[in-house]
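Read the structure below first, then the notes.
Bear in mind these aren't lab numbers, they're just calculated from the coordinates by the rules spelled out. All of these numbers come straight from a predicted model, not from anything done at the bench. Using ideal geometry, Cβ is built from the backbone for each residue, glycine included, and neighbour counts are taken over all protein chains shown.
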Amino acid sequence: MKNTNIESKSSFSEREKGPELENFLNLFDFSVFQKLLDEEFKNAQADKKAEMVSQSRIDGNAEPYGDYRPKDKSIGINIERIKKLAERSGVDWDLLAKKILIHEQLHAATDRSCPQGKWEINEHVGYGRIRRIKGTPIGSALYMLWNEGVTETWARELLRLYISRIGDRSTKEVDDFFERIAEARKTEAEHPYEDEIDLVEAFIERLHKETMVDKRIVRKAVIHGMIRGEGFTEPEFKELAEDIFPSGFLVDLALAERHNTVRRLIEELRRGGSGSSIASRTWKQLIEGILESMGNVYGR
Ligand SMILES: [Zn+2]
């Protein structure tokens with residue numbers, strides 16, 4: 001899923017799968033990835049199965065690098081563009097393509113969209129919400145960039161897990177890959193989702209500071225919330241959030257569509273975080289309570 005509202009106009013195209021994409025997909029182990037997804041969904045106590053997009057529903061028709069289309073549950077991977085980006089950034093194109101494929105598969109797995117008749121759809125993918133009629137967004141898209149950040153954070157974790165299960169590369173190769181991406185960001189403005197990842201990290205850091213809950217647990221809670229299709233609209237959450245986050249933060253987070261809004265939100269999160277308020281203590285109980293009920297939060 002891309003950051004803007006323009007997406008979803010494209011749909012699956014049988015013809016547009018070149019030999020390079022075909023080769024790449026033939027070498028990707030879909031069954032290992034499905035197993036990983038099943039484990040993640042089980043850990044999060046999801047009420048649905050993790051459905052990924054099969055190889056036959058992936059085409060080469062994506063702008064710029066990858067996209068997931070809730071309309072027909074298909075994925076586009078633009079391998080030529082990915083290769084060029086990898087070359088400009090000095091990273092391994094195969095790892096980059098795998099990271100992008102996993103990212104799009106996570107959108108597919110967390111898709112709870114409901115078609116309303118032939119032309120209307122309430123898209124609900126992870127934390128993201130948008131209503132479309134005949135492909136045109138009606139009203140505001142909500143939590144789109146936040147959803148991208150959480151999806152990408154999770155995709156990076158799963159890339160590491162996938163590679164360690166396949167065992168065709170060393171941990172060091174994967175570490176180098178992520179390091180180079182971080183480096184490339186300084187010169188290659190196009191690398192997707194870097195700001196959104198910083199936003200998720202700043203959010204986790206702030207909650208950790210406020211509540212002293214272990215960062216790994218907060219990260220898990222954020223990812224599990226996405227798997228279970230939760231949002232920030234539950235009254236209990238809202239009330240607590242108003243005590244912890246800067247005023248208007250959640251509204252801005254929901255409506256953020258531009259990278260400079262994301263950067264401003266990161267700054268707001270980084271300012272403050274005392275950990276002494278009653279709200280902080282309630283947060284701690286809330287997060288720990290949720291995770292305790294799910295069990296096995298430190299697993300893996
Ligand atoms: Zn996305």
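Things to note:
- Placing pseudo-labels 7 Å out from each Cα toward the beta carbon at Glu230 and Leu255 gives an inter-label distance of 2.6 nm.
- Linear extension gain, Arg88 paired with Ser54, 0.36 nm per residue minus alpha-carbon span: 9.2 nm
- For Ser74, residues with placed amide H under 5 Å, excluding near neighbours: Arg69
- A simple spin-label model places pseudo-atoms 7 Å from Cα toward Cβ; at Lys215 and Ser170 they are separated by 2.6 nm.
- Phi-derived couplings, Karplus 6.51 cos²θ - 1.76 cosθ + 1.60 at θ = phi - 60°, listed residue by residue for the stretch 79-84: 5, 5, 5, 4, 4, 5 Hz, with x used for Gly and Pro.
- Under 5 Å from the amide H of Gly66 lie the amide H atoms of Asn78, each residue being 5 or more positions distant or on a separate chain, with H modelled from the backbone and absent for Pro and chain starts.
- Cross-link partners for Lys35 among the lysines, with Cα-Cα distance under 21 Å and sequence neighbours closer than 8 places in the same chain left out: Lys48, Lys49, Lys73, Lys98, Lys99, Lys220.
- At R0 = 22 Å, FRET efficiency that the Cβ-Cβ distance of Glu183 and Arg263 yields, to 0.05: 0.70
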